[in-house]
Every structure is written in structure tokens, then in C-alpha cells.
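The values are calculated or read from the model by the stated rules, or taken from the named source; none is laboratory data. Just so we're clear, the structure is a prediction, and the values are computed from it rather than from any experiment. Positions of Cβ are backbone-derived with ideal geometry, glycine not excepted, and every protein chain shown enters the neighbour counts. Accessible surface is based on the protein model in full, side chains and every heavy atom, while ligands, DNA and RNA are left aside. Shrake-Rupley method; radii C 1.70, N 1.55, O 1.52, S 1.80 Å.
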Amino acid sequence: MFMGWAQAGLRELSEAQARELQEKQNQRENLERELQVCSGERDQLRRRLHEAEAAQERLREEQEQQRGQLQEELGQLRAALGEEQRLRELHEAEGRA
């Protein structure tokens with residue numbers, strides 16, 4: 001009789017351990033799926049960050065180019081203004097003479 005109880009106890013213990021092992025395996029599979037999702041999201045975020053950095057660099061280069069063009073135009077306008085001022089002073093001097 002004792003052997004029957006012992007075997008039944010061992011069977012129950014074995015079944016409980018099998019259920020626990022199955023639960024742990026299920027948890028592991030779920031965590032692996034979550035990890036894959038997170039890895040995919042991480043890769044996507046890295047690509048977006050790289051694209052944003054590249055776009056920022058392009059914008060910086062465009063801004064520098066535009067700044068150079070504006071400085072050149074400003075220099076031309078200052079030269080034209082200087083020439084106009086010189087001509088005006090010349091006309092004023094002719095008018096006094």
C-alpha cells in the first residue's frame with residue numbers, strides 16, 4: 001500500500017514539475033517573441049535616427065551654402081550702395097561748383 005502512495009506522490013510531483021516546466025517554456029517563448037519585437041523596434045529607431053542625422057547634416061550644409069550666398073549678395077549690395085553714395089556726393093559737389 002505504501003508503495004502505491006509513494007508512486008502516486010511521485011507521479012503527482014512529476015506532473016507538477018512537468019506543468020511548471022511547460023509554464024517556464026511558455027514564458028521563455030513569450031519573452032523571446034517580445035525580445036524579437038523589441039529588437040525590430042530598436043533597429044527601426046536606429047534607422048530613423050540615422051535618417052534624421054543625415055537630414056540634419058544636409059540642412060546644415062544647405063544653411064551654410066545659403067549663408068555664403070547671402071553674404072556675397074550683401075557684399076554686392078554694399079558695393080552698389082557705396083557707388084551710389086559716391087555718385088551722389090559727386091553730383092552734390094558739381095551742384096555747389
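Restricting to the range 1-11, count the residues that are assigned to a helix (DSSP H, G or I) and surrounded by fewer than 10 Cβ atoms within 10 Å (Cβ to Cβ). Give the steps one after another, and end with the answer.
Step one: filter the range 1-11 for residues assigned to a helix (DSSP H, G or I), giving 2-11.
Restricting the remaining residues to those that are surrounded by fewer than 10 Cβ atoms within 10 Å (Cβ to Cβ) gives 2-5.
Looking only at that region, the number is 4.
Return a yes/no flag: does the range 12-22 have any residue that is modelled with pLDDT of 95 or more, in a helix (DSSP H, G or I), of a type in the set (S, T, N, Q) and open to solvent by less than 100 Å² (accessible area, probe 1.4 Å).
Yes, there is a match, as at least one residue in the range 12-22 is modelled with pLDDT of 95 or more, in a helix (DSSP H, G or I), of a type in the set (S, T, N, Q) and open to solvent by less than 100 Å² (accessible area, probe 1.4 Å).
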